[in-house]
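Here the structure comes first, spelled out in structure tokens, and everything after it is commentary.
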Amino acid sequence: MPFFAARSAQTTIPCPQCGKPMTIERSCHQVYMHCRDCAKTYPIEEYVRKADKAMEDFLDNCYVDRI
Ligand SMILES: [Zn+2]
């Protein structure tokens, strides 16, 4: 595995279904919210406005990756 910034991070954003904190994750060209309990993903757009520190750091790293 080459070095990349983390592919996921724990956030404090609650899952809309179960209320447990979701993780923020990314694949090649996409970033999304993921609930491990529900095994569901949610579009990041709905959560960016209430992003917490973990989310902001994660998104910062995404941009750093684009070198
Ligand atoms: Zn959930």
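The values are calculated or read from the model by the stated rules, or taken from the named source; none is laboratory data. Quick caveat, the model's predicted, so the values are computed rather than measured. Cβ coordinates were reconstructed from backbone atoms using ideal geometry, including for glycine residues, and neighbour counts include every protein chain displayed.
Every residue in the range 1-43 that is more than 16 Å from the ligand (Cβ to nearest atom) and in contact with a helix residue (DSSP H, G or I) (Cβ under 9 Å, 6 or more places away or on another chain), please.
Listed by number, the residues that qualify are F4, A5, A6, A9, R26, V31.
When the range 12-30 is examined, which residues are found to be among the small types (G, A, S) and either more than 19 Å from N61 (Cα to Cα) or touching a residue at least 40 places away in the same chain (Cβ under 8 Å) (or both)?
Step one: filter the range 12-30 for residues among the small types (G, A, S), giving 19, 27.
The one that is among the small types (G, A, S) and either more than 19 Å from N61 (Cα to Cα) or touching a residue at least 40 places away in the same chain (Cβ under 8 Å) (or both): G19.
Quick test of your reading of the structure: K50 fulfils all but one of (1) at pLDDT 95 or above; (2) in a loop (DSSP other than H, G, I, E, B). Name the failing condition by number.
Status for K50: all satisfied but (1).
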